[in-house]
Amino acid sequence: MTSPTPPHSPPSPTASFYDMSDDEEGEYNTIRHTSSGRGVKLLYTKSKVYVHPTPSAKDNIPGFIALVQQKGPVESNDARPTSSSSARSVHASSLLLAWVPESSLGDSYDTYVKVDLSDSSSPPRQSYLVPPPPTTTTHANSVGTYAFAVPVSEIYSLLVRPPSIGWWFGSLVANTKAGESFPALFFHDSECQSTILQRKKLARESFDPFGDGGGMFWGGDEVLRWLKRYVNVERSGAEPSIYLIDPSEEDKVSFGRKATTSKSPRNSTDGGASSSASPPAAKRDGGMDPITKTLKEAKWNFLEKLSQVTTFTRRTAQAVAENPKVPPQVRRLIQNPEVQVLQEEFDSAKIYLARWAMGIQEQSERERNQRIWTANDVLEMEESSVGEFEILDMEAGKLSMSDLRKPVTLKEWKDFFDAQTGRLQITPDEVKERIFHGGLHPDDGVRKEAWMFLLGVYEWDSSTEERHANMNSRRDEYIRLKGAWWERMIEGHSTAEEEEWWKEQKNRIEKDVHRTDRTIPIFMGEDIPHPDPDSPFADVGTNVHLEQMKDMLLTYNEYNKDLGYVQGMSDLLSPIYAVMQDDAAAFWGFVGFMERMERNFLRDQSGMRKQLLTLDHLVQLMDPKLYLHLQSADSTNFFFFFRMLLVWYKREFEWVDVLRLWEGLWTDYLSSNYHIFIALAILERHRDVIMEHLKHFDEVLKYINELSGTIELQSTLVRAESLYRRFQRTVETIDKKDNFPLPPAAHRRISSTRSASASPPPKTTWAASGAASTSTGTDRGKQRQSVGDVVAKGIGADKEKVISPELRQLLSREVEKVSKAELKEHGGGVGGA
Amino acid sequence: MSSKKKVLLKVIILGDSGVGKTSLMNQYVNKKFSASYKATIGADFLTKEVVMDDDRVVTLQLWDTAGQERFQSLGVAFYRGADCCVLVYDVNNSKSFETLESWRDEFLVQASPMDPESFPFVVIGNKVDVEESRRMISSKRAMTFCQSKGGLSYFETSAKEALNVEEAFSAIAKQALAQEEAGDFNSDFPETIPIDLKNDRDGCAC
């Protein structure tokens, strides 16, 4: 866990502070801030409360949220009420809710830390005075600085969002009576010592199995608790995340009365053990039963909010209609509403429009990212790229995220190794983490070396000498394998069947090599005559690299006879060859790559089916709404991801991006099936367009196919990682729940295996859960469910979510390989039966 | 019968890899030819609006698929509802001609049209621009095959030189439209069976 890194180390609490009895109450020492003649009383404070001015975590500003008392019109000689009734005697106008950045505190930092750690339900007995924070009632004036202190009497409401799977940090936004909103304050609970201590205490006091050591208690709970000591805090019935401060009768009515008056957001904070007896509904509201809460939040409601696409479409429809570049069918569609009706059954114009609306949305997001995050942003984009960055920041450890995302240069790579022996001096995982996040430098030749490790040609623990020996023997072996088919080509094959297969494979390879990556310089030329005058390409000529490609693929065909060459493999080899520019090295790198890709090429397509099924399960779990939509569009076969999964996005990204993507995937740093999360990231990126505009399988397929060449890699990688983390947490949450049996699971039903039929299953099937797949030990036969099977269901906690074996495998870093026997049986080459 | 609704005709193009399926489609729809289309992975389609003889406008949806046979097994989703199937081979590659029959059988299994006997197939021998000496399959042999399969339409084309491509696809459109209308008639049949809840009371006596 991250420990707080304050500019000064927190002072140890003074003994007197704890030893004081109630009698001494009135005689406490007044610690006055030395550099200031006048101070305000720091009643409560909480550390590690951040403002996130930009989506980038590196811009986050740590600070304290504090409740301070200033000398008000009503002079109260005791600002430390011990009960809420006496608390009310403090005038709300004398209380300020403030946020101050750590950097502005100077000497008073220690005082803040002390008060933060005072670990008491009432304010410290000692009166801690700090310099008054600048009082502001409006955020608009404070350009450039986010610090604020607003009289509690000026606060109209607080928008309180507890942390959740979706929204990593809990947040709080103060809205003033004047209608202003202050920047959202994010509670980095895991860095906040006082919150950590309070959690531990809570866990000790009330046994709450779901609390996981009081894990779901968060900083925002505390702020509400402070305020409730002094003012009336009423939760809105209509909008549960809104807490009204001293609301008028009118406000109460308009926000719905139902909410429990002035109730702590977490019962256990008030009543300790009594929380278990409180009705479930009350608990769910603010108490954040982690299951309910996480599953509720996992609905991805933020994504729904992004569906302003249609507004954009409408607004700019006129502009489109006048744009001469727009295809005629689109113009017609816009100009003539009748056409729209006629074309309802199918129209490609709709897809065009959808994509185009996406572009506008992207632009607006970019603009939005320039701004500070205020209440409306939090409401509108409950989840956003900010959330993603936050999660990533958590994991970054020693290096900052931007350092981590710099490509590994040849120099950095060389420094990983001992200069003498050439052995790795750090752990392979550290190297993998760097490559996973930063990639390898595209131009300095580091790939040539590093890819050999990533592709399993070199062992991570080898020495320079061992690698030399390794490569030498591999060169010999390559020449031997190549010689074997060469010889047979001249002397003939043992059987007619083999001869036939060979001829067919040779033709296939020849055809495919001549149409693989011909826009890449090394594959471009046709400067040498074709060696075989009978080849269909005899007239067009060839080049030395194309011939090398053919030889390598023919050698692979020889090396792995059970499978042989299958279309798509040339796409997988060409980047490796282009980087290595050495046929033997590229060949063995390709062999290493193919070990994990083999399953995709089996004759029975079982590997591809399984991956499409895994994606199906993943979307069901992570985005049930989108899944339902895809189901209604007959698209849960996920066939439109076939190409991406088969050749690892080779056709979707630009060449340079493919290299970067692949080296990251090869690390298996988070999962050996990380490419599935890339698919999910791409799908989620376009989810709103899909849900809004695409109603049929053909529309979805066309739309996804045409993403080719338009996908931005960097943001896709960030999104994929965030999705992976979220997936991991969802699995953990569900597992945790499974360990603590809840009241009889009325919804638990065993799903019947559906056929691969594309027709949507009845709604009830969707609601049922695949309890059959809870056990990870199900035999392989059972795992082979047809694409579209329903496994993890339900949105709320009242519905059951189950992690299928396919999903669980996504957490593994172990590469799944096809067994020799399976390859022989399903490979479709000549080695088998 | 003729509704105002725009007619969408779904056409599946099959054949060995490298016979020119993608090229034919692109020549017909985009009037373009490229020698270096990448091998098709998965499936994709192009659409084109066609004015029929009776001035009706229909939309052709042409589905392009991967040629290597092992990739066909996942294609069920888009075979269904096809109105016509185009079988393409390369006249300079006898193997691609020999597999036509299995492509046809595979299609019938996967698409399972209501009446397999009358389902329209169109055969295209592509790459006739290549010098005659390389040609492996004669027109006569191809036509004999088409005859034996119940009189399938046959065209010889060059996607590269845009030879006969338009003609082949307008025949495809016609056959697809005829099939679609026949299908419409069939699927309309159940709708003529009156399902009237008010009559339930009367019928309940039995």
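The values are calculated or read from the model by the stated rules, or taken from the named source; none is laboratory data. Because the structure is predicted, anything quoted here is derived from the model rather than measured. For neighbour counting, all protein chains shown are included, and Cβ atoms are generated from backbone atoms with ideal geometry for every residue, glycine included. In case anyone asks, the SASA skips ligands and DNA or RNA and just uses the protein heavy atoms, side chains included. Shrake-Rupley method; radii C 1.70, N 1.55, O 1.52, S 1.80 Å.
Overview of results
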{"quantity": "Long-range neighbours under 7 Å by Cβ, at least six apart or interchain, first residue of a type in the set (S, T, N, Q) within segment A:532-547, second in a loop (DSSP other than H, G, I, E, B) and open to solvent by 80 Å² or more (accessible area, probe 1.4 Å)", "calculated": "A:T542/A:E526; A:N543/A:E526; A:N543/A:D527"}
{"quantity": "Residue that is farthest from A:D698 (Cα to Cα) [pool: residues in segment A:639-657 that are facing chain B (nearest Cβ under 10 Å) and hydrophobic (A, V, I, L, M, F, W, C)]", "calculated": "A:V647"}
{"quantity": "Residue ID - farthest from A:I678 (Cα to Cα), chosen from residues in segment A:612-634 that are open to solvent by 20 Å² or more (accessible area, probe 1.4 Å) and part of a helix (DSSP H, G or I)", "calculated": "A:S632"}
{"quantity": "Residue in segment A:561-611 that is nearest to the other protein chains (Cβ to nearest Cβ), counting only those that are part of a loop (DSSP other than H, G, I, E, B) and open to solvent by 10 Å² or more (accessible area, probe 1.4 Å)", "calculated": "A:R603"}
{"quantity": "In segment A:146-159, residue modelled with the lowest pLDDT [restricted to those that are open to solvent by 10 Å² or more (accessible area, probe 1.4 Å) and in contact with a Pro (Cβ under 8 Å, 6 or more places away or on another chain)]", "calculated": "A:Y146"}
{"quantity": "Odd one out for A:E558 among (1) out of contact with any Leu (no Cβ under 7 Å at 6 or more places or on another chain); (2) more than 14 Å from chain B (Cβ to nearest Cβ)", "calculated": "(1)"}
{"quantity": "Number of positions in segment A:541-554 that are farther than 27 Å from B:G42 by Cβ and not charged (D, E, K, R)", "calculated": "5"}
{"quantity": "Qualifying residue in segment A:494-503 (condition: touching a helix residue (DSSP H, G or I) at 6+ places or on another chain (Cβ under 8 Å) and surrounded by 20 or more Cβ atoms within 10 Å (Cβ to Cβ))", "calculated": "yes"}
{"quantity": "Considering residues of segment A:46-67 that are touching a Leu at 6+ places or on another chain (Cβ under 8 Å) and open to solvent by 10 Å² or more (accessible area, probe 1.4 Å) only, the residue nearest to A:Q198 (Cα to Cα)", "calculated": "A:Y50"}
{"quantity": "When residues of segment B:40-60 are limited to those that are at the interface with another protein chain (Cβ under 7 Å from one of its Cβ atoms) and surrounded by fewer than 23 Cβ atoms within 10 Å (Cβ to Cβ), the one nearest to B:K6 (Cα to Cα)", "calculated": "B:T59"}
{"quantity": "Residue that is farthest from the chain's Cα centre (by Cα), among those in segment B:90-127 that are closer than 14 Å to B:T157 by Cα and away from chain A (no Cβ under 14 Å)", "calculated": "B:G125"}
{"quantity": "Selection status of B:K160, open to solvent by 100 Å² or more (accessible area, probe 1.4 Å), at pLDDT 50 or above and in contact with a Ser or Thr (Cβ under 8 Å, 6 or more places away or on another chain)", "calculated": "yes"}
{"quantity": "From A:F537, A:F523, residue being over 29 Å from A:F642 (Cα atoms), surrounded by 14 or more Cβ atoms within 10 Å (Cβ to Cβ) and within 14 Å of another protein chain (Cβ to nearest Cβ)", "calculated": "A:F537"}
{"quantity": "Selection status of A:P529, open to solvent by 70 Å² or more (accessible area, probe 1.4 Å), out of contact with any Ser or Thr (no Cβ under 6 Å at 6 or more places or on another chain), modelled with pLDDT of 90 or more and of a type outside the set (D, E)", "calculated": "no"}
{"quantity": "Any hit, segment B:105-126, residues being touching a strand residue (DSSP E or B) at 6+ places or on another chain (Cβ under 7 Å), touching a residue at least 40 places away in the same chain (Cβ under 8 Å) and open to solvent by 30 Å² or more (accessible area, probe 1.4 Å)", "calculated": "no"}
{"quantity": "Elements of type strands (runs of 3 or more DSSP E) contained in segment B:51-139, each with 1 or more residues being at pLDDT below 95", "calculated": "B:57-65"}
{"quantity": "Members of segment B:16-38 found to be surrounded by 22 or more Cβ atoms within 10 Å (Cβ to Cβ) and among the aliphatic types (A, V, I, L, M), listed by number", "calculated": "B:V19, B:L24, B:M25"}
{"quantity": "Segment A:612-635, subset hydroxyl-bearing (S, T, Y) and more than 10 Å from chain B (Cβ to nearest Cβ), residue nearest to A:E699 (Cα to Cα)", "calculated": "A:S632"}
